[in-house]
Structures are given as C-alpha cells and as structure tokens.
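**Student:** Structure incoming, see below.
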C-alpha cells in the first residue's frame, strides 16, 4: 500500500478516535449540548411569534437558519480553535515528525470537524422536527438539499477556518474570530429575517457564508411559499452555490499556502516558547 | 577528533558514501538577524554511537538538533543525516528518524496503546528487509516500562511516565537516528535514573545512533560514548568523558601573590612553572596554591562565565586545553 493511502487511513482512524473522545469529554460535551439547549429554548419561545407579513411561526423559520449557522460555526470556529490549540500543545509538531503525518493530520481534522458539525446539526434538527410541525423533511429533494448545503458549507468554511487558525498566534486570541462571527450572525438573518435590516447591512451580510448557509437550510426545510419573505422572493440556489463556491475556492487556494507556512515554522523551540508564555499567564 | 571550527577539514566530500557515518555536520552556521548562534559546528557520528551535546542554556544545542531534525533552516555549512540534507529530506528519510520532543499536554485524551498504534501505523510502508517497521506496540510498551499503564489516558500519567510515552513515540518507527532534546528536563533523580536505563536498553537492542542534548554533565557522562561541548556557537571540546577529564585536568591553575598583588596562571607543567617562579622571585612569592581542575570544575566555570557574559576568555582557555 502506498504511504499516502496508509496516511489517509491513519488520518480517518484518528478522526474517528477523536470524534469518539469528544463524546466522553466534559468540555466538548458541553460544546455540543449548551448551544443546542439554548437555541431550542429560544425557538420554543419564538414559536408563537409570526414571521412579518405571514402566519408562519418565527421559531420554525429560525430552526433551519440556526442549522446553517451551526455549519458555519463548525467550519470556521471549531477548525480554527482546534488548530491553534493543537499547534500550541505540540500535537502538530508530532504530526510533522511522523512520515506523512501532516497529511494524515489534515484528513483527521476534516473527519473530526465534519463529524462534530454533523452531530451538532442532528442534535438541533431532531428535536426541532418534533417541536415544529411546519418543518418538513418529507421529500428526497429536501434531504438532498439539506445534505448538499451541509457539504458545500463545510467545503466553504473549513479551509477558511484553517487559515484563521494558522494566523492566530495562540488560542487566547480566538476572540478575534468570535466577535466578528457574532456580529455576522446578528446581521445574517439567522434569528430575524434579513429583509428587516438596512440595505447596506444586507449587502455586507451577503458577502459572507453565514447568510447563504441559513438561506440554503431554509430552502431545504421550509415550505416553498416562505421564499416570498427572502431577498428577491426566491431561495436563490444559484447565488448560494456561487458565493459558497467562491469562499471554497478562496479557502482551498489560500489554506495550503498558509498551512504550509505555519507548519514550516513549527519546531520544538517554538512549541517550548509558547508553553513558556502560557505558563507565565497561568502563574 | 573534532575540536572546533576548522580543526577538521574533511578531505573527501562524499562522506555519505562512508557507510558507517549517520551524522555528518561540517561548519554549520546559524544566524538570527544579527546574532550568530552557531559559528561553525562540525562533528560526525557513526552507527550505534551515542553523542551528547553538552552546553549551557543558549549555547545553540536546540538549534543544532532542530537543524538536524529538518525542523529549522540553517544559514550555512553542510549537514547530512543518513546521507541526506535535512533541508531536503523526504518522508522516506523522515521515516528513518526518531524525534523525542519535549512534551506538554498534547494527546492527553488518547490512551497510551491507542496513540502508539496510531503513530506507528504511518511507518508501516517504510519497512525494509533490515528493519521491520513499526515496532510491535505491546513489545514497545514493555521496553519503555509502561505495560501497567498501556490503557491509561496520556493525560493521567505522571511526568516520568509521560516522558516514556514521548520516548516510545520517538522510537515507534525503529529509527536509525534518534534525537533527544533535553530528555530529562524536570525529572527527579529516580526518574532520571530510570530514563538512563531505558536509553542503555535502546542502544543494546538496535544499532541506533543517538544524539541528545543536555546541560547536565553527569547525564552526558552516563549516556554518551562521546561528549561534544558546545559554547559560544562552537564545539570547544569533544571526546569521551574520560578523555575530556584527563585532558582538562592535565592543566593546573597556579595562584600566588607577590607584593600584595594576586596572580593566576594556567599551565600544563605546574611543577616546572613553580620552580621557575621561585627561581625568579624567591621569597617574594606567597600564598602559593596549585590546583588541578576536574572536568566538572572546568565545565561549571565555563557555564558560569558564559551566563555572566564573559564566555570568550574561558572559551579560549578551553580551546587551549583542548589543543
């Protein structure tokens, strides 16, 4: 078997092992359950409110949007934070010291982040379907759209997340990603229709993947008629694919360059220097 | 024997054809900005040899080892590890190396056996007729003495046990060259002793070349066939612990005072010097003291002076001794 195939398999098994570990670890379990519970509670209280201009439940409209947000969050934030943490603690350096270890590492992180995101999506979707009768996953098209949006969403966000993770010097700087993320979520029509926002904010939000992921998920789960409250009275599938595809291409072009540069700089002393810094912060 | 830059001038450039040579470093230079960290390091190592790179903090030990590991680009000089320039080493070359990194808290959620099996799997395609890779996991765990802890999580191990995991990771691919950077930093004496036993066991099992860095003279003496003393960016002395100590203690320090002024002189022939001294100054000589320096004394002086920024003088003295 060729070394690359061996490394790819090792990466897959590493991803699986780490995904399993994420279910037995208090910190990651909290990461799965806390946002899910909060979102479900919010939507539960929004269930009586109506989407402006319709008789449709705002809670039911919010659920698919939060699925899109979850995908974006997984691809961008989870990827970036895993990368910064594992660079600091030396995991990445171990991969570098192993033949084809970096390739295996990359495969494992794609597996892990996709798995974690999928789990988060399922955790929201299943109770959501029980909570809101208006949501329908009863056609093959709906399932395909859901799977397609998820797939394109991961490809669009994970490489960009990896770029951010490589550029951040340490895990304590995650706020540099979290704050703009929060801002984008607030303006991307996740919790309230984007058409209520001023025009320039709508324009800004439509540059980033979060809005499109929310829109894509809504198109999968909401009745056709709900397209009427969206920009252009349409689900805009082509535009969704174009914008997310653009992010995917940009990420896939940039990520290898930035990741390689970051990996090249890793050495025992750079890890030791970061440890020193982190220790100083602790004491 | 390599003493310092320029002391060894290899006549043949094709050292890699020399089958016994696993490490070949000639005139290695490293400069960060305007600071020279390495100013011409040269040494060689043969298959199965254990080399200790000894020197005070900041002497350039880690820089040297990281260049050899292929983790850091050098500014100048020639380096070959297993016949390959580390700056251009491919994955096959990497599969023949073992690197024991300083651990911190990576892979804390992994179980020991699980982690070793995983990291070992990358080496399987690089098996050769001579060397079957990777090491059988249970056998490896036994060699490093972790059998009882094989199913524990790495994060739950003690410092010494955790270090054994690091060593096991370093050797899981049955390396031909093993790099150990400060392997016992932060160890208590018992853990240190156990670690030394482990290294001895390793050199018994495989014909592995080991290059380790340490600032502990005692450790270098216990583990290494050959000690290289690195200071001021150069190797200022090298040899077995025995050779070094014999050569350095051949030199004695003569102290005396004359007319209230104190004098110090280093000489290889203390008796002759003192005879001469009395012949010249007779009764004026007072407070005479002749002292042979032990290896540790001399090394400690070197370290102290280096740290207080007066390295050059001592380095020169050391070189004189070594010559």
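Since every read-out is calculated from the coordinates, none of them should be taken as a lab result. Computed from a predicted model, the values in this text were never measured in an experiment. We place every Cβ from the backbone using ideal geometry, glycine too, and count neighbours over all the protein chains shown.
**Student:** If you line up the long axis of helix A:268-282 against the longest principal axis of chain A, both from Cα atoms, how many degrees apart are they, to the nearest 10?
**Tutor:** Rounded to the nearest ten degrees, it is 60.
**Student:** Also, I was wondering about something else. Roughly speaking, what is the centre-to-centre gap between the range B:49-70 and the range A:1-69 when only Cα atoms are used, to the nearest Å?
**Tutor:** A separation of 47 Å, based on Cα centres.
**Student:** Just to be sure I understand: with springs between alpha-carbon atoms less than 10 Å apart, which residue in A:179, A:146, A:254 has the highest mean-square fluctuation in the Gaussian network model of chain A?
**Tutor:** A:179
**Student:** While we're looking at this one, here's another question. Under the classification rounded if a/c is under 1.5, otherwise prolate if a/b is larger than b/c and oblate if not, where does the range A:224-283 fall, given a ≥ b ≥ c as square roots of the Cα gyration tensor eigenvalues?
**Tutor:** On the way: a/c = 8.34, a/b = 2.46, b/c = 3.39.
Because a/c hits 1.5 or more and a/b fails to exceed b/c, the range A:224-283 counts as oblate.
**Student:** Out of A:228, A:60, A:140, any idea which swings most in a Gaussian network model of chain A, alpha carbons joined below 10 Å?
**Tutor:** A:140
**Student:** If you don't mind, there's one more thing I want to ask. Give me A:182, A:197, A:150 sorted ascending by neighbouring Cβ count inside 10 Å, so fewest comes first.
**Tutor:** Values: A:182 11, A:197 17, A:150 23.
In order of increasing Cβ crowding within 10 Å: A:182, A:197, A:150.
**Student:** Using a 10 angstrom cutoff on alpha carbons, build the Gaussian network for chain A and name the most mobile of A:193, A:64, A:127.
**Tutor:** A:127
**Student:** Compute and list, largest first, the equivalent-ellipsoid semi-axes of the range B:53-139 from the alpha carbon gyration tensor, each √(5λ) rounded to a whole angstrom.
**Tutor:** Numbers: eigenvalues 146, 78, 22 Å².
Output for the range B:53-139: semi-axes of 27, 20, 11 Å.
**Student:** Can you tell me, using C-alpha contacts under 8 Å and at least 6 residues apart, the relative contact order of the range A:3-282 as a whole percent?
**Tutor:** On the way: 355 pairs, mean separation 74.7, N = 280.
Here the relative contact order equals 27 percent.
**Student:** List the relative contact order of the range B:105-175 as a percent without decimals, with contacts defined as Cα pairs under 8 Å and 6+ residues apart.
**Tutor:** Working: 85 pairs, mean separation 32.0, N = 71.
It rounds to 45 percent for the range B:105-175.
**Student:** Could you list B:127, A:2, A:13 so that the one with the fewest beta carbons within 10 Å of its beta carbon is first and the one with the most is last? Numbers along the way, then the final one.
**Tutor:** On the way: B:127 14, A:2 9, A:13 18.
The most exposed by this proxy come first: A:2, B:127, A:13.
**Student:** If you count the DSSP beta bridges with both ends in the protein assembly as shown, what percent of them are antiparallel, to the nearest 5? All intermediate terms of the calculation are to be shown ahead of the outcome.
**Tutor:** On the way: 35 of 53 bridges.
Bridges in the protein assembly as shown that DSSP calls antiparallel: roughly 65 percent.
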